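Read-outs throughout are calculated quantities, based only on the coordinates presented, and are distinct from any laboratory measurement. Bear in mind the structure is a predicted one, so any value in this text is a computation, not a measurement. Cβ coordinates were reconstructed from backbone atoms using ideal geometry, including for glycine residues, and neighbour counts include every protein chain displayed.
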Amino acid sequence: MVGVIQKFVIASMFMWAAPVAILYGFNHNLFPGSTQLSPYSLTLLSGFLAVVSVNVIIAFYIYMAMKEPSHKHEPDPKFLAEAKASIRHSESTEPEDSSNTRTKQE
């Protein structure tokens, strides 16, 4: 569980830091060629790259989550037993044909 939380925290930090760094770099002319762009183009390019960077980080986070072994995460047996009992209880209390018993209330 600690590994999952650690990956989430690291991905969250990168999702915050990468777009801020890109916007800062473009607004302070740290990237080569950014001084030759008009303010409108500079805003569009920096915003687009910031959004793309967040999407790349999200895709990488999903890839890391999919790569985790599935046998590593076993559900709690007590939770499973309670969930199955709840499902059985709700199935036994439902009426046979609930569509006929409904009436329109105005």
request  = Convert each backbone phi in region 21-27 into a coupling constant with the Karplus relation 6.51 cos²θ - 1.76 cosθ + 1.60 (shift: θ = phi - 60°), then list the ³J(HN,Hα) values in order as whole Hz, x for Gly and Pro.
outcome  = 5, 5, 4, 4, x, 6, 6
Per-pair calculated FRET efficiency, R0 = 41 Å: Val2 and Ala83 via Cβ, rounded to 0.05 = 0.95
request  = Return the tail of the calculated pair distribution for region 2-94, meaning the percent of Cα-Cα pairs more than 17 Å apart.
outcome  = 66
task = Could you work out how far apart the two model spin labels at Lys67 and Asn29 are, taking each label as a point 7 Å from the Cα in the direction of the beta carbon, and quote it in nm?
result = 4.0
